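Everything on this sheet refers to the single structure shown next.
Coordinate-derived values only; no laboratory data. Just so we're clear, the structure is a prediction, and the values are computed from it rather than from any experiment. Note that we place each Cβ from the backbone using ideal geometry, even for glycine, and neighbour counts take in every protein chain shown.
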Amino acid sequence: MQANILREELLAKTGSTEFLPTFGAILNELLSIVNDSNASVEELLDIVKRDFAITAKIIRVANSAYYSRGSVITDLKRAMMRIGFDGTANIIVCMGFLKEILNQWKLSRLDVEALWVHSLAVGNAVKVLNRGAVVHPGKAFTVSILHDIGKSILYTYGERYRMLIEKARQERADICDLEKESFGIDHQEIGYLLSVNWEMPEEISRVMKSHHTRGEADSPLHFVYVADAFLDDRAVDLGEEGSLLEREKAWIMNETNRMSELIGKA
Ligand SMILES: [Fe+2]
Ligand SMILES: [Fe+2]
């Protein structure tokens, strides 16, 4: 199919209610809590207890080898206290991403896994870049997890899209150029249109729209740009920040595997 026809098809999909997650509302609520420095675990509890899957996951994580202190916890609030405010907020974002956004689109298990692990790795690389917490850590993690959401619709084209990913990897090229050539649109524009349709906060939309372009220093956009270009091994100069990520690469990968095991498994 020609790129201009695919573009029309993709534009229609971004506006379709078929792709409208119920997660949009939870996410907006979560961000306003995470952005409020006086917010408490109780406020997060209000969100979590409305969703059975997230509740079950948090209790399971609190009892995992990483967090467990020996005693078994069955109460949601105690489980959240054990994981902590930031840890709980991160799990809600990850669960929303996995449960609503990826599973709903019926992607293959391998494609879901590729996107999930990449998003987590960007989240952890951003943690390294943002160690001075110039950007609120919860916000930085959320935009990292969601930055490539536009790719999930492109993954529904299966082999046609996987070939582009492979080509970008081999040539250390920016996948957006290949997407525009083949589909008439890139995952940044798709992600942006989805985020507007889902009424996501402007800060998140901005990252979805432009994370393949260097943003102003110390902004969420800049951190995601550097982390993403580093992890995709794109042929761009990332300066000092690139060297820092190189030194911390083992930590980033270990942390990504740990979280992927802990949160990703049903
Ligand atoms: Fe991207
Ligand atoms: Fe990415």
Convex hull volume per residue for the range 3-264, taking Cα atoms only, in Å³: 124 Å³
Stretch in the chain that is longest and holds no GluC sites (Glu not before Pro) that DSSP places in a loop and that have at most 13 other beta carbons within 10 Å: 1-198
Loop-located trypsin sites (Lys or Arg not before Pro) in the range 98-136, at most 15 other Cβ atoms within 10 Å (DSSP): Lys106, Arg131
Most mobile of Gly70, Gly158, Gly242 in a GNM of the chain (Cα contacts under 10 Å): Gly70
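Local charge sum around Ala229 (other residues, Cβ-Cβ under 9 Å, Lys/Arg +1, Asp/Glu -1)?
Numbers: positive: Arg214, Arg234; negative: Asp174, Asp228, Asp232, Asp233.
Summing Lys and Arg as +1 and Asp and Glu as -1 gives -2.
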Surrounding net charge for Leu27, when Lys and Arg each add one and Asp and Glu each subtract one, Cβ distance under 10 Å: -3
Helix 159-171 vs. the chain, principal-axis angle (Cα, 0 to 90°, nearest 10): 90 degrees
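May I ask you to give the average projected area over all directions of the convex hull of the Cα atoms of the range 89-161, in nm² rounded to one decimal?
Values: hull surface 18.8 nm².
That works out to 4.7 nm², a quarter of the Cα hull's surface.
So for the chain, averaging the separation of alpha carbon pairs under 8 Å that are six or more residues apart and normalising by length, what relative contact order in percent results?
23 percent
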Positive minus negative residues near Gly70 (Lys, Arg vs Asp, Glu; Cβ under 14 Å): +3
Largest-first ellipsoid semi-axes for the range 44-173, taking √(5λ) over the Cα gyration tensor eigenvalues, angstrom: 30, 18, 13
Helix axis angle, 3-14 relative to the chain longest principal axis, alpha carbon, degrees: 20 degrees
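Of the listed pairs Lys167/Lys249; Lys139/Lys180; Lys13/Lys127, which have alpha-carbon separations greater than 27 Å here? Don't jump to the answer; show the numbers that get you there.
Values: Lys167/Lys249 24 Å; Lys139/Lys180 29 Å; Lys13/Lys127 33 Å.
Exceeds cut-off: Lys139/Lys180; Lys13/Lys127.
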On Cα atoms only, tilt of 52-62 relative to the major axis of the chain in degrees: 70 degrees
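Please give the FRET efficiency for Ala173 paired with Met81, using the beta carbon to beta carbon distance and R0 = 51 Å, rounded to the nearest 0.05. Show your work: numbers first, answer last.
On the way: r = 46 Å, r/R0 = 0.91.
The value I calculate is 0.65.
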Within the range 185-219, trypsin sites (Lys or Arg not before Pro) in DSSP loop having at most 15 other beta-carbon neighbours inside 10 Å: Arg214
